[in-house]
Structures are given as C-alpha cells and as structure tokens.
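Structure record follows, encoded as structure tokens.
The values are calculated or read from the model by the stated rules, or taken from the named source; none is laboratory data. As the structure is a prediction and not an experimental result, all values here were calculated from the model. Cβ: placed from backbone, ideal geometry, glycine included. Neighbour counts: every protein chain shown. Heavy atoms of the whole protein, side chains included, go into the accessibility calculation; ligands, DNA and RNA do not. Shrake-Rupley method; radii C 1.70, N 1.55, O 1.52, S 1.80 Å.
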Amino acid sequence: MKLRRVVFDLLVYDSMDELDQGDQILMHEAVKARKNAYSPYSKFNVGAAVLLDNDEIVIGNNQENASYPSGLCAERVAIFYASAKFPGIGIKAIAISATSKNFVVNKPAAPCGNCRQSISEYEIKQLRPISIIMSGETGEILKCNSVSDILPLAFNSTFLG
Ligand code: THU
C-alpha cells in the first residue's frame, strides 16, 4: 500500500477589502446577482459571476422549480450562460455568494458537487485553472486557485474511452 496525500492551498480573507481589486469586482457582481435569485422554496439566494478572458462578466443565480430537481444552481446557470453567450472563450474565475431570507449566512457558500463537476468540464477543456472565490453575507471569504483542488479525482472524458 502507498499513501497518496492530496493537499491544496485555500486562501482565507477576513473581508472583501482584502481581495485583489479584480476579485472584489467579481464578488460584487455575485452579491448583486444573488438578489435576483428565484428561490421561493428554499429562500436561499445564491449569486455567481464568471470572469472571461475577454473581460466580460456573466452572472447567474439559482432558479428553483415546484418540481424541485428541475431547478438549477447559480454556478451552473452562470457558467452555462457564459458558454452559450461566449462559446470557446476561456474562463478565469467564478465568484459565488449566498444569502438567506431565514438566517444570516455567516460562512462562504461552496459550490455543490454537481456544480464542481460542471466547472471542471470547462477547466479541463481550456487546459487552464478556474479560480473560485466564495462568500456568505458575513464571515470570511475563501478562494481556491482551481476547481480541481475541491474536486480531486474528478470524472472526466478520458474515462469514456
Ligand atoms: N444552490 C446553489 O445555487 N448553488 C450551490 O452550490 C448550492 C445550492 C441553490 C440550489 C437551491 O436553489 C438552493 O441553493 C438550496 O439548495
């Protein structure tokens, strides 16, 4: 038996002011986007903002449905919209922010597993990492430099033969 330890760098910021200016702008767009989430069931509003190589920012927010599984997370709304509107343009980063109508979100919203998998698809396609910046309403802000950091052993097209 061999042990293979997987480690990654997680950057931890005490507040928005500590972020690079570009990351601050992107997070600001995610915060704005969460206000327009359609979340009548969970009351949990998520906003996402994707920064592209052409410097466009594409936003998304969660869209829920009375048939719960038909809804979609903010990250996938944003990243699919980015790919639809600017096909083939590389993705630099995605910022994510969450709030709730029921409580104060006091820790960063990390993307769900399905969203990690979806972001990973584009990261692998472009052969360049996509950084992920995460916030709640209060508390610290987290950043990782690649989705592969938070989705180790990702499934990808090489498994399909
Ligand atoms: N949600 C997101 O938009 N992104 C995530 O990464 C996790 C969860 C949404 C889906 C649903 O509308 C609500 O938050 C509660 O799960």
> With respect to the numbered conditions (1) hydrophobic (A, V, I, L, M, F, W, C); (2) away from the ligand (no atom under 16 Å from the Cβ); (3) in contact with a helix residue (DSSP H, G or I) (Cβ under 8 Å, 6 or more places away or on another chain), which one is the sole condition not fulfilled by residue 27?
Replying inline: (2)
>> Based on this model, can you work out whether residue 75 counts as of a type in the set (D, E, K, R), within 13 Å of the ligand (Cβ to nearest atom) and open to solvent by less than 40 Å² (accessible area, probe 1.4 Å)?
In response: yes
> Could you give every pair whose Cβ atoms fall below 7 Å, whose first residue belongs to segment 1-30 and is without any contact (Cβ under 8 Å) to a residue 12 or more places away in the chain and surrounded by 10 or more Cβ atoms within 10 Å (Cβ to Cβ), and whose second residue is part of a helix (DSSP H, G or I) and not basic (Lys, Arg), counting only separations of at least 6 or pairs across chains?
Replying inline: 24/16
> When you go through (1) in contact (Cβ under 8 Å) with a residue 60 or more places away in the chain; (2) within 13 Å of the ligand (Cβ to nearest atom) one by one for residue 63, which number turns out not to apply?
Replying inline: (1)
>> I need the strands (runs of 3 or more DSSP E) fully contained in segment 1-105, keeping only those with at least 1 residues that are more than 21 Å from residue 144 (Cβ to Cβ).
In response: 44-52, 57-61, 91-100
> Of all residues in segment 78-100, which are within 8 Å of the ligand (Cβ to nearest atom) and either under 21 Å from residue 128 (Cα atoms) or without any contact (Cβ under 8 Å) to a residue 24 or more places away in the chain (or both)?
Replying inline: 96
>> Of everything in segment 101-128, what is surrounded by fewer than 16 Cβ atoms within 10 Å (Cβ to Cβ), within 11 Å of the ligand (Cβ to nearest atom) and closer than 12 Å to residue 44 by Cβ? Give them in sequence order.
In response: 112
>> Just checking, does segment 111-125 include any residue being closer than 12 Å to residue 75 by Cα, out of contact with any Pro (no Cβ under 8 Å at 6 or more places or on another chain) and in a loop (DSSP other than H, G, I, E, B)?
In response: yes
>> Every residue in segment 36-56 that is in contact with an Asp or Glu (Cβ under 9 Å, 6 or more places away or on another chain) and of a type in the set (S, T, N, Q), please.
In response: 39, 42
